[in-house]
Amino acid sequence: MSDAVRLSPGDTAPDFTLSNDTGAEFTLSSLRGHPVILYFYPAAMTPGCTTQACDFTESLESLRAAGHEVVGISPDRPATLATFRERDSLTITLLSDPDRQVMAAYAAFGEKLLYGKVVQGVIRSTFVIDADGTVTLAQYNVKATGHVAKLRRDLGLAG
């Protein structure tokens, strides 16, 4: 799985259908016509992933005002995502990719450094996809803390 080619601006975003935290199916192409911020994170309810999800939730209103939808994907099961949503009052879309197939398509799963060791795992990554389904921004190995603020700057959004 670590042989996947990383996406770059100008690439077509791979379409997918995954289950959300209620078990309902969600398809990326259903958001055509709107820019999408798609981010991959390792595990619900861990400190870094909670910080990142809460930051996206706190920024959701202003991101939506700029036209963006936010979608987070992890290997967690829908029931775990539902607990995560409720525990932290999350308002972003949370999707379950237990087989890591979508992560592989986005090269967001593979070799990474964890506490100085090379391991296979989810690579914390964020993609901005335009209204036509084209990747306009691809960021790999992002930091959980401060990422949303940096992303807002990269998108030219105030605050």
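Here are the numbers for the structure shown:
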| item | result |
| --- | --- |
| Residue in the stretch 63-99 that is surrounded by the most Cβ atoms within 10 Å (Cβ to Cβ), counting only those that are farther than 20 Å from T126 by Cα and among the acidic types (D, E) | D88 |
| Checking T50 against (1) among the polar types (S, T, N, Q); (2) in contact (Cβ under 8 Å) with a residue 24 or more places away in the chain; (3) more than 19 Å from R87 (Cβ to Cβ), the condition it does not meet | (3) |
| In the stretch 125-159, the residues that are surrounded by 16 or more Cβ atoms within 10 Å (Cβ to Cβ), assigned to a loop (DSSP other than H, G, I, E, B) and at pLDDT below 95 | V142, A144 |
| Given (1) out of contact with any Gly (no Cβ under 8 Å at 6 or more places or on another chain); (2) at negative phi, index of the condition F109 fails | (1) |
| All positions within the stretch 113-124 that are under 20 Å from L38 (Cα atoms) and part of a strand (DSSP E or B) | G121, V122 |
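The values are calculated or read from the model by the stated rules, or taken from the named source; none is laboratory data. Please read all numbers here as calculations on a predicted model, not as lab measurements. Heads up, the Cβs are rebuilt from the backbone with ideal geometry, glycines too, and the neighbour counts pull from every protein chain shown.
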